[in-house]
């Protein structure tokens, strides 16, 4: 029961952090675009996320006439469960649940996110949502390959699938310093995986009128929104664990996590959307060869360390 209490406590704070992440995003976008962000509700707009959540969940639910009703309703809930389920991998100093194969579990859970987008677009029975889900499928397949290979190269170096092992590895040197180009490839793959600008082709407001979630409003849209931002925060957490030191008991670790979240917002405010053929070119002709070369480099490095010590 103690494990369940700890996990529920963690999920409550994840949901609160999603709300304040949206407030941070709107405020930063306001400052970058030389306008005021949300600043009326509460002190400095701190109660704005709660007001937005109450507004969305209290709206009347409507259902498109031609939609597949049950699948249309259940799909946002499954998307939220999938995004929150990854947080069980949070590396407590003494884990509430020890995962020796945490890497495999993360790849399995992250690959399921495409199904919620795909089924949302299909069940809405709309042309724009269908185009959005087709785009998201091809994009996710392309970038999950590079994402998996980048992760695999680090786990070959650490020689373990447990995320806690990065705590011991990063205590001597941050992996950022030995894989600086790979860090930017990882950030790009995370943005493509979470459908953020400049890779937000599944939503594409200027082309697809909000894309796969066009028929969702009120509570359904809020659940999709929460699941997307929860996945972004977890990917930022994973980036800090792998590249920027893994001491989760340190205050500096969470400052680095906020800076990673800020980077996602900064990219959204400054970069335009990519062209779709360039997106595919980037995945298959740039990131894939680079990640394969880094796998060979890390295998050589781990063999060298093994030979040196034994």
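One line per residue, one yes/no per condition, for (1) within 20 Å of residue 17 (Cβ to Cβ); (2) crowded, with 20+ Cβ neighbours inside 10 Å; (3) in contact with a helix residue (DSSP H, G or I) (Cβ under 6 Å, 6 or more places away or on another chain):
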site: 220; (1), (2), (3): no, yes, yes
site: 243; (1), (2), (3): no, yes, yes
site: 266; (1), (2), (3): yes, no, no
site: 273; (1), (2), (3): no, no, no
Of those in region 158-184 that are at pLDDT 80 or above and farther than 21 Å from residue 90 by Cα, the residue nearest to the chain's Cα centre (by Cα) is 184
Practice prompt. Report yes if some residue within region 79-97 is surrounded by 17 or more Cβ atoms within 10 Å (Cβ to Cβ), modelled with pLDDT of 85 or more and more than 30 Å from residue 158 (Cβ to Cβ); otherwise report no.
Written response: yes
| said: Please verify whether residue 31 is in contact (Cβ under 8 Å) with a residue 60 or more places away in the chain, exposed (fewer than 14 other Cβ atoms within 10 Å of the Cβ), out of contact with any helix residue (DSSP H, G or I) (no Cβ under 8 Å at 6 or more places or on another chain) and more than 30 Å from residue 122 (Cβ to Cβ), treating the condition exactly as stated. | reply: no
_Filter pass, residue 149 being over 17 Å from residue 294 (Cβ atoms), touching a helix residue (DSSP H, G or I) at 6+ places or on another chain (Cβ under 7 Å) and part of a helix (DSSP H, G or I)_ = no
Quiz prompt | Filter result for residue 254 (over 16 Å from the mean Cα position of the chain (by Cα), in a helix (DSSP H, G or I) and within 25 Å of residue 23 (Cα to Cα)) | solution = yes
Filtering region 12-28 for residues that are farther than 16 Å from residue 228 by Cβ and either surrounded by 16 or more Cβ atoms within 10 Å (Cβ to Cβ) or at pLDDT below 85 (or both) leaves a count of 2
With the first residue restricted to region 164-180 and required to be in contact (Cβ under 8 Å) with a residue 12 or more places away in the chain and on the phi > 0 side of the Ramachandran plot, and the second required to be surrounded by 11 or more Cβ atoms within 10 Å (Cβ to Cβ) and not in a loop (DSSP other than H, G, I, E, B), Cβ contacts under 8 Å at 6 or more apart or on different chains are none
Of the candidates 285, 278, the one satisfying the condition of being modelled with pLDDT of 80 or more, out of contact with any strand residue (DSSP E or B) (no Cβ under 7 Å at 6 or more places or on another chain), under 30 Å from residue 32 (Cβ atoms) and surrounded by fewer than 14 Cβ atoms within 10 Å (Cβ to Cβ) is 278
If we ask which residues in region 3-24 are farther than 16 Å from residue 41 by Cβ and in contact (Cβ under 8 Å) with a residue 40 or more places away in the chain, their number turns out to be 10
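The values are calculated or read from the model by the stated rules, or taken from the named source; none is laboratory data. Because the structure is predicted, anything quoted here is derived from the model rather than measured. So basically every Cβ, Gly included, is an ideal-geometry build from the backbone, and we count neighbours across all protein chains shown.
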